[in-house]
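The values are calculated or read from the model by the stated rules, or taken from the named source; none is laboratory data. All values derive from a computational prediction rather than experimental measurement. As a convention, Cβ positions derive from the backbone with ideal geometry for all residues, glycine included, and neighbour counts pool all protein chains shown. Accessible surface is based on the protein model in full, side chains and every heavy atom, while ligands, DNA and RNA are left aside. Shrake-Rupley method; radii C 1.70, N 1.55, O 1.52, S 1.80 Å.
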Amino acid sequence: MKRILLLVLAIVLVLSVIPAGLLKITANAATSGYYTYTVSNGEATITDCETSISGAVTIPDILGGCPVAVIGESAFENCTNLTSVIIGDSVTDIGRYAFYGCTSLTSVTIPDSVTSLGDSAFRDCTSLTSVIIPDSVTRISIRAFYGCTSLTSVIIPDSVTSIGHYAFEGCTSLTSVTIPDSVIHIGESA
């Protein structure tokens, strides 16, 4: 009994000297409607979505009582009946492969709160026709819009300094691209 009490006391002492910023509290995955999410440090991350989701979708601002800050890696991958997405103002990060293979997705509204578009975030969204990248984004990641064969126009804001490799490769319908002077790096086959 004394050993257990000493062990618990030792753990409490160790945790009390760790700065609060280094201690991350994470909950297990939960579900709400079509979404699976986790909560960490008071922010929700959508980790998965049922592929049966369809039509026009507005991503919720709150899940589990916390603001949705991240659309996680492959969260909406292969949601082939999704036609449009409005991303809430609480989202700051769109993860790798977040909307990969959403072949019916024609439009997406990305708010000014988003600072990061992950690698291949909209890859092979073959029905996506246009995209407006908000002023908050500084880098267009590798293969971000790779294979978006219906994409006809892209407006890149002055905040962007780098366009990753293959970012728009395979965008065979692209007729209009505005690249500002702020861009200092354009990757291979972009």
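At a glance:
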| quantity | calculated |
| --- | --- |
| Highest-fluctuation residue, VAL70, VAL39, VAL177 considered, GNM on the chain with Cα pairs under 10 Å | VAL177 |
| Rg over Rh, two decimals, segment 134-181 (C-alpha only, Kirkwood Rh) | 0.95 |
| The chain - share of DSSP beta bridges that are antiparallel (%, nearest 5) | 30 percent |
| Fluctuation leader among ILE86, ILE110, ILE94 - the chain, Gaussian network, Cα springs under 10 angstrom | ILE86 |
| Neighbour net charge for ASP48 - beta-carbon separation under 11 angstrom, K R +1, D E -1 | -3 |
| Zero-based 10 Å bins, Cα pair distances in the chain, whole percents | 10, 33, 29, 15, 7, 5, 2, 0 |
| Probe 1.4 Å, accessible area per residue of the chain, Å² | 52 Å² |
| Extension reserve of the THR58-SER189 stretch, reckoned as 0.36 nm per residue once the Cα distance is removed | 43.9 nm |
| Top of CYS66, CYS102, CYS148 by mean-square fluctuation, Gaussian network on the chain, Cα under 10 Å | CYS66 |
| Accessible surface of the chain [probe 1.4 Å, protein heavy atoms]: carbon and sulfur percent | 56 percent |
